[in-house]
Structures are given as structure tokens and as C-alpha cells.
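The values are calculated or read from the model by the stated rules, or taken from the named source; none is laboratory data. What you see is a predicted model; the values in this text were computed from it and never measured. Every residue, glycine among them, receives a Cβ derived from its backbone with ideal geometry; neighbour counts consider all protein chains shown. Accessible surface is based on the protein model in full, side chains and every heavy atom, while ligands, DNA and RNA are left aside. Shrake-Rupley method; radii C 1.70, N 1.55, O 1.52, S 1.80 Å.
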Amino acid sequence: MAGNGVASIGECMLELSGQAGPNWRMGFAGDTFNTLWALHALSGKRPATYVSAFGDDPFSRDQIKFLAENGIGIGASPVIAGARPGLYAITLTGAERSFTYWRADAAARQLASDPAALQKSLENQALVYFSGITLAILDEDACNVLLTAVAKARAAGSLIAFDPNYRPRLWRRREEAQAAILEALAVADIALPTFPDEQMLFGDTTPQESAERLRKLVGEVVVKNGEEPALIAQNGILQSVPAVHVANPVDTTGAGDSFNGAYLAARLAGHGPTEAVQRAHRVAAAVVQVRGALAPFETLRAAFEGLAI
């Protein structure tokens, strides 16, 4: 039987942002961590676990400490001697961002190196979340270990959510990404794709086409599309939900990830998909008005409740 916790699987990296001349601000972020950050902030007292692999260097120790200080554990995630976290830098042109990565030997690539530990981290979770980036950083054998563990958690009662989050530079071939993502969708209850990613990966021409294709694979689908409406596909019905317009966004980093976290928090709280998307839009709108991927918990909670944007 599933418990009360929420778990997210993937890579938390060192983030360099907010460049001012030669100076940068360092933080911690990564797609599945950004989602867990919002989900944790908005899920009350549910235990939160970030499932990954960590190094034993000072940056890794600070990373684990940062998670703990914000109420997020690491479960049975391995700490690997001599390993270190990946790093990325955000470069902004206006509010739009581009990224430079240093992650080839990141510790997180070994998150499935101990199948028993991975399975232990996923035990007694109400919800387990992962993404296409989680898959992309693993080799084929490790992907199989991961999907087996997720399937076991689902069989034990956990709700499984997945964002395909396609990043071409992380995959050797488009066909390889397609195959891995389809395998992940086969063990998911909720899919949270972004239309431009689906367009690149599967050649969809409209969000409706993405929704129609995905709802044959997953029972609940929400297709995100930036400032355009999100499209819900559930129970044979497609529903469009307008986004919240932000006139002067500051930084779009983490907006889609935070949308996912808010949507999942709302669904776990018993809200229907339409209400969950409306709350998720408000949270994403709040996130693009702060720098970096992680908005303060208070900002996320106010937007989620409709108190501020």
C-alpha cells in the first residue's frame, strides 16, 4: 500500500545564475528537483524525497544539507566516493534563457547503480515523479533498472507522474529517446508533456495531436504550451485551460517544472484536473517573476491559493 510521501527521481545540479559582471550566484536546481520543490511547498506535511546519487565532495555535502534544511530527504540514494554534482549556467537574453552544462561525469548518472536502494527510496510513496531527463542521463541497463523500480512502486499503489521533457543534446539519437520515453509512459498514470518538445520528438503539429496520441497511452494528460492554454485529456474529453499572462517576465527558468509540481500537489489534494491546471498556471506565472529555478515557498503558496501572482 502506498504511503503519504512524494518522491522525485533525477539530477539536482549546481546552478549558476544572476550574472552581474564577473559574478554569479550559485544555487541548486534541475528539472525533477524543481518540480519536487514546488510539490513539497504546496503539499502540506507530506514527506518529500529526492531520489538520485550524490558525490562526497564539499559541493555535494552542501547540496544534501540544502535539501535537508528545506525539508527534503534523499531516501536511500547512494553517496559515491570521488563523485561530484553536475553544473550548469543560465544565460539570459531578456527573460529567455539558454544553458551551458558540465555534467558528463555527474554522480546522478549512478542513481540506479544499486537497484535495492532505489526500490527502497520509492517505497511507501503516494506519488513518484520522473522525467525524460532522468532517462537521458542513464545508460540502457540503468534505465531498465529505473523503470522496473517505478513499475514496482506503481504496483504497490503509488501514483506515477512523468514529463517527457525532451532535450535533444542529451540523447544520441531521436529514435532512442522515442523508445525510452514510450517505455516510461507505459508505467505512468499522469503525463505532463510540453508541446514544443512533443513536436520535436514525435512530429506533432498541434497540442491537440499530442494530447490525442498520449491519451491512448496514459489515463491523464496535460499538454503544456508556455503562455498558450494547457490542454487536458482525460476520460475521452479534451479541455483547454488558458494560461496566466505575465507582461514582464524576469526569468522563465523552471516555469514548466513548477507547473508540474503545482498540478500534482493540487491533484493529491483532491482537486480535479481543471482546477489543478488553473492553480498550476498561477504558480508558473509567479515563478517567471523571480530569478533562478526555485521561487520562495511563500511565493509558490500565495500563487497556488490565488492570493498573488
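The table that follows gives values for the structure above.
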item	result
Residues within the range 55-72 that are farther than 21 Å from Tyr129 by Cβ and either assigned to a strand (DSSP E or B) or of a type in the set (Phe, Trp, Tyr) (or both), tallied	1
Odd one out for Leu185 among (1) in contact with a strand residue (DSSP E or B) (Cβ under 7 Å, 6 or more places away or on another chain); (2) within 18 Å of Val51 (Cβ to Cβ)	(2)
Unmet requirement for Glu69, which otherwise passes all of (1) under 30 Å from Ala276 (Cβ atoms); (2) in contact (Cβ under 8 Å) with a residue 12 or more places away in the chain	(2)
Matching residues in the range 35-54 - criterion: being out of contact with any Cys (no Cβ under 7 Å at 6 or more places or on another chain), open to solvent by less than 10 Å² (accessible area, probe 1.4 Å) and outside any loop (DSSP other than H, G, I, E, B)	Thr35, Leu36, Ala38, Leu39, Ala41, Ala48, Val51, Phe54
Where a residue in the range 180-197 is closer than 14 Å to Arg154 by Cα and its partner, wherever it lies, is surrounded by fewer than 23 Cβ atoms within 10 Å (Cβ to Cβ) and basic (Lys, Arg), with Cβ under 6 Å and at least six apart	Val187/Arg154
Answer from Asn23, Asn4 - the residue that is open to solvent by 10 Å² or more (accessible area, probe 1.4 Å), among the polar types (S, T, N, Q), at pLDDT below 95 and closer than 17 Å to Gly75 by Cβ	Asn4
Count of residues meeting criterion [surrounded by fewer than 22 Cβ atoms within 10 Å (Cβ to Cβ) and either in a helix (DSSP H, G or I) or among the basic types (Lys, Arg) (or both)] in the range 202-221	7
